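Colleague: Have a look at the structure that comes next, please.
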Amino acid sequence: MSVKIKIKYLAEGLEPLCYVDGKSDWIDLRCAEDIEMKAGEFRLLPLGIAVALPKGYEAHIVPRSSTYKNFGIIQTNHMGVVDESYCGDGDQWFMPAYALRDTKIEKGSRICQFRITEHQPKIEFEECDTLGNPDRGGIGSTGLK
């Protein structure tokens, strides 16, 4: 089953969004303009798109695995979440980036990726005295290898 999503391209010359066939169900996003950043600088990198997500869905935006290696930037919020209310013609998607070295990012460079997912169902928390399960051993309990 496929879901139709309206998209508006806000920068000329960007390649249309698509899957990397057979490799992932994440979709790459590209920088919408040439960017130069100095080490220690923060910028919102424009991604050149506005999207109308279906009701009940959100997009999760994360860096590509090669983003730091190629550009020396990290995504400052580590994962961006775009919900379906951010859907106007001017609601451009951005990647908040922090440069750890001087860098140049050319327009059209693949810098992050996204996927959509349905909203979490409504949950209720039930306080209890015990969870009724054995402890696993704490953080890092599975070892290094």
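The values are calculated or read from the model by the stated rules, or taken from the named source; none is laboratory data. Keep in mind the model is a prediction, meaning the values are calculated, not measured. So basically every Cβ, Gly included, is an ideal-geometry build from the backbone, and we count neighbours across all protein chains shown. Just so you know, the surface numbers come from the protein's heavy atoms only, side chains and all, with ligands and any DNA or RNA stripped out. Shrake-Rupley method; radii C 1.70, N 1.55, O 1.52, S 1.80 Å.
Colleague: Look through region 67-97, keep the residues that are touching a residue at least 24 places away in the same chain (Cβ under 8 Å), over 15 Å from LEU29 (Cβ atoms) and of a type outside the set (Ser, Thr, Tyr), and return whichever of them is surrounded by the most Cβ atoms within 10 Å (Cβ to Cβ).
Modeller: GLY72
Colleague: What are the pairs with Cβ atoms under 9 angstrom where one residue, in region 124-145, is among the basic types (Lys, Arg) and the other, located anywhere, is open to solvent by 70 Å² or more (accessible area, probe 1.4 Å)? Sequence gap at least six, or different chains.
Modeller: Going by the 9 Å Cβ cut-off, the qualifying pairs are ARG136/THR142.
Colleague: Residue by residue through region 34-51, note down the ones that are in a strand (DSSP E or B) and either open to solvent by 90 Å² or more (accessible area, probe 1.4 Å) or within 16 Å of THR67 (Cβ to Cβ) (or both).
Modeller: Correct list: ILE35, GLU36, MET37, PHE42, ARG43, LEU44, LEU45, PRO46.
Colleague: Condition (residue is of a type in the set (D, E, K, R), out of contact with any Phe, Trp or Tyr (no Cβ under 8 Å at 6 or more places or on another chain) and surrounded by 10 or more Cβ atoms within 10 Å (Cβ to Cβ)) applied to region 110-133: is it met by at least one residue? Reasoning before the result, please.
Modeller: Let us first name the residues in region 110-133 that are of a type in the set (D, E, K, R), namely 110, 115, 118, 122, 124, 126-127, 129.
Okay, now just the ones that are also out of contact with any Phe, Trp or Tyr (no Cβ under 8 Å at 6 or more places or on another chain), so 110, 122, 124, 126-127, 129.
So of that shortlist, the ones also surrounded by 10 or more Cβ atoms within 10 Å (Cβ to Cβ) come out as 110.
So far as region 110-133 goes, yes, one or more of its residues are of a type in the set (D, E, K, R), out of contact with any Phe, Trp or Tyr (no Cβ under 8 Å at 6 or more places or on another chain) and surrounded by 10 or more Cβ atoms within 10 Å (Cβ to Cβ).
Colleague: State which residue pairs qualify: first residue assigned to a strand (DSSP E or B) and inside region 8-33, second residue among the polar types (S, T, N, Q) in any location, beta carbons under 7 Å apart, and separation of 6 or more residues or different chains.
Modeller: Taking only residues 6 or more apart or on different chains, the pairs are ILE27/GLN113; ASP28/GLN113; LEU29/GLN113; ARG30/SER109.
Colleague: Now for a different question. Here are the criteria: (1) under 20 Å from LYS107 (Cα atoms); (2) surrounded by fewer than 18 Cβ atoms within 10 Å (Cβ to Cβ); (3) of a type outside the set (A, V, I, L, M, F, W, C). Tell me which single one ARG30 does not satisfy.
Modeller: The number of the failed condition is (2).
Colleague: Right, here's the next one. Could you pull out every one of the strands (runs of 3 or more DSSP E) wholly within region 64-114 that has 2 or more residues that are in contact with an Asp or Glu (Cβ under 9 Å, 6 or more places away or on another chain) and modelled with pLDDT of 95 or more?
Modeller: Values: elements: 73-75, 80-83, 94-99, 103-105.
The qualifying strands (runs of 3 or more DSSP E) are 80-83, 94-99, 103-105.
Colleague: Here's another thing I want to ask about it. Which of (1) farther than 20 Å from CYS87 by Cβ; (2) within 17 Å of the chain's Cα centre (by Cα) is the odd one out, the single condition ALA50 does not satisfy?
Modeller: Checking ALA50 against (1) farther than 20 Å from CYS87 by Cβ; (2) within 17 Å of the chain's Cα centre (by Cα), the one that fails is (1).
Colleague: Would you point out which residue out of LYS23, LYS55 is among the basic types (Lys, Arg) and within 25 Å of PRO121 (Cβ to Cβ)? Steps first, answer last, please.
Modeller: Values: LYS23 fails: within 25 Å of PRO121 (Cβ to Cβ).
Every option except LYS55 fails the conditions.
Colleague: Out of THR103, THR67, I need the residue that is over 17 Å from the mean Cα position of the chain (by Cα), under 17 Å from ALA39 (Cα atoms) and polar (S, T, N, Q). Which one?
Modeller: On the way: THR67 fails: over 17 Å from the mean Cα position of the chain (by Cα).
Being over 17 Å from the mean Cα position of the chain (by Cα), under 17 Å from ALA39 (Cα atoms) and polar (S, T, N, Q) holds for just one of THR103, THR67, which is THR103.
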